[in-house]
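The values are calculated or read from the model by the stated rules, or taken from the named source; none is laboratory data. Keep in mind it's a predicted model, so treat the numbers as computed, not measured. Cβ sites come from the backbone with ideal geometry, for glycine too, and all protein chains shown count toward neighbours. Keep in mind that these areas ignore ligands, DNA and RNA; they rest on the heavy atoms of the full protein, side chains included. Shrake-Rupley method; radii C 1.70, N 1.55, O 1.52, S 1.80 Å.
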Amino acid sequence: MSRGPRMEGAAVVSRRAVQRLRGGHPWVFRSDVERRPSQTAGIVPLEGPDGAPLGYALWSPLSEISLRRVETDLSRTPDAAWWHEKLRAAIARRAPLAGEANAYRLVHGEGDGLPSLVVDKYGDVLVIQLLSAGVDAWTDAIVSSLVELTGCTGILARNDPAARGREGLPREVKLLYGEVPRTVEVVEHGVRYLAAPWDGQKTGAFLDQRENRVLIGSLARGQALDCFAYHGSFALHLAKKADQVFALDVSAPALARVHEHAERNGLTNIEPVEGDAFDILRAWYKEGRRFDTIVVDPPAFAKTKSAIDGALRGYKDINLQAMRLLAPGGLLFTASCSFHLSRGHFFEMLQDASADSGRAFALRAITGQPLDHPELITVPETGYLKGALLEAMS
């Protein structure tokens, strides 16, 4: 098993940081580091201003988030064996998913007590993201353990998010072990589609909406519409029960993949539609079109806190158009993956859209993140996905 970097002097943090850590949040910001460790990135001991030991943390010398605590037990010094056990425990939590899908998240960063580390499984290959300098220093040990624990045939690092740049790390896509093909077939509750580990969205596909796709797919009927369809993951589930599904997306290459996925599943009732969702929905409403089932799953409109106001306008607009297009008794599943958009704001937005539509909508379900994307209630940053199933009552 690979060794990691050697630990040296402790990081001393402020009283404010101690309070944050005791509240269950693992982050210590640069402004709260009173004495910086002398070593380069890796894992360091943590101490309070009074010298009291606080455990161990990932150390990122250039990052605004300088320290991310990973261990509170002073008797458990993080080493290669420690990483192996933490990864084993995270993977074991996903055991219930293995019978339903061959693609899911194995490690969800802070949600699994492994800050800034993401590991996604696609069939026999893994895609990982090492999003801090502290965790990047342990790459060899992490890869070695993942190979041993999963028996995977390849591991790809999708180290291209902007967070890497803020850590002083290169943004790159790099093969770390074995072979990883350009596409991998995902089997999800009987539906098949292709993930693209090297250049697809996120790490290759949107794994976090898996259960929501099953939910609305089980209820779909009549004329169905999948807005922001991308590669058609929702559309494929809708098509199992709906008479006809329109997969709407602005990207022609994405819609070509929708067509390929429909053929892969033997489905002939999915029609790709290229265009801007906002414009198309308005035009269809004026034409008198109506749908019995609609999915609105847009990209993150609020990628920063300062973008919230504009994002709320966008979310309200697209949901209002969808509400107007729903036939009486129709179902709308709507979601937001914007972390900066709180659940409260999300539901206030839906209330406003419903009021402006002049129609009554009943809330049938509230959804969050699935088992493989754990959201810790003391770490808000682990949660971002929220959804609602609405029924048109008039």
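Identify, from the list Glu85, Glu110, Glu148, the residue that is among the charged types (D, E, K, R), free of Cβ contacts under 8 Å to residues at least 12 places away in the same chain and open to solvent by 10 Å² or more (accessible area, probe 1.4 Å).
Working: Glu110 fails: free of Cβ contacts under 8 Å to residues at least 12 places away in the same chain; Glu148 fails: free of Cβ contacts under 8 Å to residues at least 12 places away in the same chain.
When all the criteria are applied, what remains is Glu85.
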Residues of region 42-73 satisfying the condition of being open to solvent by 20 Å² or more (accessible area, probe 1.4 Å) and within 26 Å of the chain's Cα centre (by Cα): Leu62, Glu64, Ile65, Arg69
Condition check for Leu156: assigned to a strand (DSSP E or B) and either at pLDDT below 95 or surrounded by 19 or more Cβ atoms within 10 Å (Cβ to Cβ) (or both): yes
Subset of region 8-29 [open to solvent by less than 20 Å² (accessible area, probe 1.4 Å), within 22 Å of Gly109 (Cβ to Cβ) and part of a helix (DSSP H, G or I)]: Ala17, Leu21
Flag for Val33 being closer than 17 Å to Ala133 by Cα, hydrophobic (A, V, I, L, M, F, W, C) and surrounded by fewer than 20 Cβ atoms within 10 Å (Cβ to Cβ): yes
Residue match in region 255-262 (condition: over 21 Å from Pro298 (Cβ atoms), touching a residue at least 60 places away in the same chain (Cβ under 8 Å) and among the small types (Gly, Ala, Ser)): no
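Is it the case, given these coordinates, that Asp32 is in contact with a Lys or Arg (Cβ under 9 Å, 6 or more places away or on another chain), touching a residue at least 12 places away in the same chain (Cβ under 8 Å) and charged (D, E, K, R)? Step through it out loud before you land on a result.
On the way: in contact with a Lys or Arg (Cβ under 9 Å, 6 or more places away or on another chain): yes; touching a residue at least 12 places away in the same chain (Cβ under 8 Å): yes; charged (D, E, K, R): yes.
Criteria met by Asp32.
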Given (1) open to solvent by 50 Å² or more (accessible area, probe 1.4 Å); (2) among the charged types (D, E, K, R); (3) part of a helix (DSSP H, G or I), number of the condition Arg76 does not satisfy: (3)
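Would you mention how many residues in region 225-237 are charged (D, E, K, R) and either farther than 16 Å from Leu326 by Cβ or over 24 Å from the mean Cα position of the chain (by Cα) (or both)? Write out each step before concluding.
Of all residues in region 225-237, those charged (D, E, K, R) come to 226.
Subsequent filtering for residues that are either farther than 16 Å from Leu326 by Cβ or over 24 Å from the mean Cα position of the chain (by Cα) (or both) retains none.
Residues in region 225-237 being charged (D, E, K, R) and either farther than 16 Å from Leu326 by Cβ or over 24 Å from the mean Cα position of the chain (by Cα) (or both): 0 in total.
If I filter region 75-89 for residues that are at pLDDT 95 or above and of a type in the set (Ser, Thr, Tyr), do I get at least one hit?
Just the residues of region 75-89 that are at pLDDT 95 or above, to begin with: 78-89.
Then keep just the ones that are of a type in the set (Ser, Thr, Tyr); that gives none.
Within region 75-89, not a single residue is at pLDDT 95 or above and of a type in the set (Ser, Thr, Tyr).
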